[in-house]
Amino acid sequence: MTTRRRRSALYMPASNARAIAKARTLDCDVVILDLEDAVAPNEKAAARDRVIEAVREGGFGERELVVRVNGLDTPWYANDIAAIRATGVDAVLVPKVSSVADLLTVRASLGEDGPPIWAMIETCAAILALPALSAAAAETRLTALIAGTNDLAKEMRCRLGADRMPLIPALTATIMAARAAGIVALDGVCNALDDPPRFTAECAQGATLGFDGKTLIHPSQIDAANAGFGPSEEELAWARQVVAAFQDPENADKGAIRLDGQMVERLHLAEAEAMLAL
């Protein structure tokens, strides 16, 4: 899970055939075909059929292909799961996962050999349940946590500004839960489509907090997300320098070395190797 890039995860409405076709050409790391928020109730069945067709047709290249189904408490969930579980998608994204019982229900619906689960963390109950969700990740094949910032802010009734200050505790808790389970953490969407500086700042904030990437609502956000969550040239140069230093025979048995005036330990070597692998 740690050696696949997930800098940019773009939601695309499953009801829009042109959007699905366009997704095959975009420079995002993950395509999320959305059956939930982006699809009107009277279009759910047709959108589901379109997803099945799109997955069978393929053509998404190295992009990770994920389908967001409707929530467990909706009349569309069962049909979504029945249709998607055998298609070969990389993961199924489930909204409003708030308990281990939810994860167990989804795993039972998908079957043991069905695709992995990605879970939206977008309720207050989910935030309080994060330690339990993390502990159940291996059993349920939960492989990613996605911050659902819009729904979480609504439920909290917080006043959300550009700095996202009210959500910081929830965001860091989500990252910690993901790291404890050894799985992926993706930041929530930014609704400010006409404010590129704000989006860039939000990417920088998410990367600083520790997210692997960001969920997106428009293709125009891809480049900034890829830049914000990808290593800079300076970081790559540092990583190569650290790896080279520890490859020096003189340092083969050392747990820590001095490099350009800084103490560098083997934990930094692991970090550098992971960065270069990505």
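The values are calculated or read from the model by the stated rules, or taken from the named source; none is laboratory data. Owing to the predicted nature of the structure, the values given are computational and were not obtained by experimental measurement. Counting neighbours? That spans all protein chains shown, and the Cβs are built from the backbone with ideal geometry, glycine included. Side chains included, ligands, DNA and RNA excluded: accessible areas come from the protein's heavy atoms. Shrake-Rupley method; radii C 1.70, N 1.55, O 1.52, S 1.80 Å.
Of note:
- Sequence-separation-based contact order of the chain, relative, with Cα cut under 8 Å and 6+ spacing, percent: 17 percent
- Which label in (1) 25, 22, 20; (2) 35, 24, 18; (3) 34, 20, 20 gives the computed semi-axes √(5λ) of the Cα gyration tensor in Å: (3)
- Taking Cβ atoms as reference points and 13 Å as the exclusive limit, the residues near ARG63 contribute a net charge of +1, counting Lys and Arg as +1 and Asp and Glu as -1.
- Placing unit charges on each Cβ (+1 for Lys and Arg, -1 for Asp and Glu) gives the chain a dipole about its Cα centre, and among ALA180, ALA256, THR105 the Cα reaching farthest toward its positive end belongs to THR105.
- Rounded to the nearest 10 degrees, the inclination of helix 44-57 to the longest alpha-carbon principal axis of the chain is 50 degrees.
- Between ARG50, ARG240, ARG179, the residue with the greatest mean-square fluctuation in the GNM of the chain (Cα pairs under 10 Å linked by springs) is ARG240.
- Mean-square fluctuations from a GNM of the chain, with a 10 angstrom spring cutoff on Cα atoms, peak among GLN262, GLN205, GLN241 at GLN262.
- Length released on extending from SER220 to ALA125, taking residue separation times 0.36 nm less the Cα-Cα span: 30.9 nm
- Nearby lysines by direct alpha-carbon distance to LYS22 (threshold 25 angstrom, same-chain neighbours under 8 apart not counted): LYS44, LYS214
- Qualifying GluC sites (Glu not before Pro) in region 1-99, DSSP loop, other Cβ atoms within 10 Å at most 11: GLU62
- Mean ellipticity per residue at 222 nm, deg cm²/dmol - from DSSP H runs of n ≥ 4 across the chain, formula -39500 (n - 2.57): -13000 deg cm²/dmol
- Residue among CYS124, CYS190, CYS203 with the largest mean-square fluctuation in a Gaussian network model of the chain, springs linking Cα atoms under 10 Å: CYS124
- Two-site FRET efficiency, ARG198 against ALA132, from Cβ-Cβ distance with R₀ of 30 Å, rounded to 0.05: 0.30
- Accessible-area composition of region 88-127, carbon plus sulfur, in percent [1.4 Å probe]: 56 percent
- Between MET165 and ALA21, the distance separating the two model label sites (each 7 Å from Cα on the Cα→Cβ line) works out to 4.8 nm.
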